[in-house]
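Undergrad: Here's a structure for you.
Any read-out appearing in this document is the output of simple, stated calculations on the displayed coordinates, not a laboratory observation. Owing to the predicted nature of the structure, the values given are computational and were not obtained by experimental measurement. With ideal geometry, Cβ positions are generated from the backbone for all residues, glycine too; neighbour counts draw on all protein chains shown.
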Amino acid sequence: MDLKSQFQQIVGEQHVADGAGERYVYSFDMTENPSKEPLMVVMPSTVEEVQNIIRLANETRTPLVPFVTGQNVGGLTIPQVEGAVIVDLKRMDRILEVDEEAMYMLVEPGVTFGDVKKYLEKHFPSLRYTYPLAPPFTSVMANALLQGLCDLSTMHGSMSDFINGLEAVLPNGDIVRVGSGIMGEENWFGRYPLPDLVGLFSGWQGMTGIVTKISLKLWPKKKAMTHAALFTFGEQQTTDLLKRIVREGIIEDADCQSLSIVKMLMGVAPPVTPHRGEPDYGTVLILSANSEIELNEKYRQLENLVELSKKDEPRNLLIDWGTVTKLMGEQANAWIDFPSDAFKVLAQYDGLTWVGTYIHPKYWGAALEGGRRIVEKYGFELMAFLKPMHMLHFAEFKFIIRFPKDPATLERVRRCNEELLDLALGLKAIPYKTPVWSARRLQQFADPAFFKLLRDLKKLLDPNNIMNPGRLDL
Ligand SMILES: Cc1cc2nc3c(=O)[nH]c(=O)nc-3n(C[C@H](O)[C@H](O)[C@H](O)COP(=O)(O)OP(=O)(O)OC[C@H]3O[C@@H](n4cnc5c(N)ncnc54)[C@H](O)[C@@H]3O)c2cc1C
């Protein structure tokens, strides 16, 4: 029996596709990373089907690429080798459990940010998850496995820090659980004690198995919340003030962005360019508390810090959200109410890319300044983004580029991103959601023993190299 028929036996005839249309659609994403067509696409709906797919792939040495919506902005679901089969997990879309007391949810790969928000608001209104700027139809699990960032990251860190444990099908077809779920159902409260094997799956871009269930931390919804917009000038002064604010412990989240992004959100048509005298950065600050009194006090402290900063830069400006809404109208909500339509300004063209990194606080100013020079040199819109993570331990830093995918612009994007990556690596930043070209460059800078360990682990878990081969340039 041919391979297609064998996959059809596992998932049903209508859930395997190898038509030219499907192969084309799954061959690229919005980034500049080169496309490659898969052999076919299979769509399982149960853990058992995932197991059978992996067993068949292991027997036949068929490369598999796990996929949910392909919106990772890193080329991470584009096959790197010939003959790959995309395992599209959208049909596995159940929220299996919400534990109100231990505050976690157990979800399948196809559950989206939109699903979670709706479900929690309806059934558990006192709890919340955390939401990215990403489209609401993207996978919550994939985002956590990719160590992404959302609107509680300034407080609580990257999304992989939200993982309590998971269930995965290994490259040999065995099912394994890590975290407190090893004690059975309804016990997914955390990942300690014992060796922390969540790390065998987080950050691996689907190279070590297919995760079929993940337990993610939920948080109590605060009773009072407000937002503010802070407009600042110059990279060093902006990041110095941001650090003082975050360190004070009065804000829940902060997104520092080039003013162009603010203008895009206000509806300014592309290409968006800066004007003399405008602030360089607009930062959205989220404040939350358990009472209006506590919230007002936090806001007062924030105002004090901004007032103090005016000794160095009198033009710094803090605007409360009521005023922002008056200025921007309904569009102001896209800035704060995730998951929202805000992603649409980034998806203005068919091309979208960034070199995303995690970076030490001492380099934030230099990273923003150096990146701005590079982006200006290549003539793209200035779209810097910096989010302090886990209080002040590090930040996510990137320059976003939205672009039409014509050959000349693609080449310009590639060269610009290479320079941005070299700048970041020079500042000892580490790229995340790492495309292959970027992982290759990283390996020239980083400790070789670390990458040897990754290769050894990959070989141990996946001796036939069937799981998303070629990723991370391993
Ligand atoms: C406009 C825009 C804005 C964005 N903003 C943000 C943001 O603010 N924060 C952020 O973190 N991200 C952001 N993203 C990136 C991305 O959307 C999210 O990280 C997203 O949740 C990934 O989900 P996906 O369904 O697209 O995953 P996919 O792209 O389908 O998969 C991502 C990776 O995970 C692997 N994978 C998927 N499922 C499994 C599984 N079950 N087991 C093992 N491996 C698996 C895949 O092989 C791939 O390597 C943004 C994207 C866009 C387009």
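Undergrad: Less than 13 Å Cβ to Cβ from residue 386, Lys/Arg counted +1 and Asp/Glu -1: what total charge do the surrounding residues give? If you can, show how the numbers build up before the last one.
TA: On the way: positive: 243, 372, 387, 398; negative: 235, 240, 253, 255, 280, 369, 396.
In short, -3.
Undergrad: Using 7 Å Cα-to-Cβ label points, what is the residue 121/residue 275 separation (nm, one decimal)?
TA: Here the answer is 3.5 nm between the modelled labels.
Undergrad: Quick one: compute the contact order of the range 300-399, relative version, from alpha carbon pairs under 8 angstrom and 6+ residues apart, as a percent. Please report the intermediate quantities before stating the final value.
TA: Details: 74 pairs, mean separation 21.1, N = 100.
Rounded, it is 21 percent for the range 300-399.
Undergrad: So the label point goes 7 Å from the Cα of residue 244 along Cα→C-beta, right? Which residues of the range 282-311 then have their backbone N under 20 Å from it?
TA: Flagged as within label range: 282-287, 297-311.
Undergrad: So which lysines can residue 222 reach, going by Cα to Cα under 24 Å and dropping same-chain residues fewer than 8 places off?
TA: 117, 118, 122, 243, 298, 387
Undergrad: Run the quick spin-label model on residue 440 and residue 337: label points 7 Å from Cα toward the beta carbon, then report their separation in nm to one decimal.
TA: It is 4.5 nm.
Undergrad: Just in the range 242-312: which trypsin sites (Lys or Arg not before Pro) are loop by DSSP and have at most 16 other Cβ atoms within 10 Å? Spell out each step's value before the answer.
TA: Values: sites: 243, 244, 247, 263, 276, 298, 300, 310, 311; in loops: 276, 310, 311.
Passing sites in the range 242-312 are 276, 310, 311.
Undergrad: Mind pulling the angle between the C-alpha long axis of helix 235-247 and the longest principal axis of the chain? Nearest 10 degrees, somewhere in 0 to 90.
TA: 80 degrees
Undergrad: Can I ask one more? Hey, for a label at residue 414 modelled as a point 7 Å past Cα toward Cβ, could you say which residues of the range 346-375 have their backbone N under 18 Å away?
TA: Label zone hits: 351-355.
Undergrad: In addition: Check each of the GluC sites (Glu not before Pro) in the range 92-176 and keep only those in coil by DSSP with at most 10 other C-beta atoms within 10 angstrom; list them in order.
TA: Working: sites: 97, 100, 101, 121, 167; in loops: 100, 101.
Qualifying residues, ordered by number: 101.
Undergrad: Sticking with this structure for a sec: Computed FRET efficiency, Cβ-Cβ of residue 430 and residue 13, R0 35 Å: what is it to the nearest 0.05? Working shown, then result.
TA: On the way: r = 44 Å, r/R0 = 1.27.
Given R0 = 35 Å and the Cβ-Cβ separation, E is 0.20.
Undergrad: Tell me the net charge near residue 301. Cut-off is 13 Å between Cβ atoms, residue 301 excluded, with +1 for each Lys or Arg and -1 for each Asp or Glu.
TA: Details: positive: 244, 247, 298, 300; negative: 248, 294, 297, 303, 307.
That works out to -1.
Undergrad: Net charge around residue 34, counting only other residues with Cβ within less than 13 Å of its Cβ (Lys, Arg = +1; Asp, Glu = -1)?
TA: On the way: positive: 36, 405, 414; negative: 29, 32, 37, 411.
Charge balance in the 13 Å sphere: -1.
Undergrad: Round to the nearest 0.05 the FRET efficiency obtained for residue 187 and residue 95 when R0 = 22 Å and r is the Cβ-Cβ distance.
TA: On the way: r = 17 Å, r/R0 = 0.78.
The calculated FRET efficiency here is 0.80.
Undergrad: While we're looking at this one, here's another question. Helix 436-445 versus the longest principal axis of the chain: what is the Cα-based angle in degrees, 0 to 90, to the nearest 10?
TA: Result, in degrees: 70.
Undergrad: Shifting gears a bit: Between residue 405 and residue 300, what is 0.36 nm times their sequence separation minus the Cα-Cα distance? Round to one decimal in nm.
TA: On the way: separation 105, 0.36 × 105 = 37.80 nm, distance 4.67 nm.
This chain segment gains 33.1 nm when fully extended.
Undergrad: Also, quick follow-up: How much length is gained on full extension from residue 360 to residue 459, taking 0.36 nm per residue of separation minus their Cα-Cα distance?
TA: Values: separation 99, 0.36 × 99 = 35.64 nm, distance 3.18 nm.
Net length gain for the segment: 32.5 nm.
Undergrad: Separate question: Return the distance in nm (one decimal) between the two label points of a simple spin-label model at residue 349 and residue 377, each offset 7 Å from Cα along Cα→Cβ.
TA: 1.9 nm
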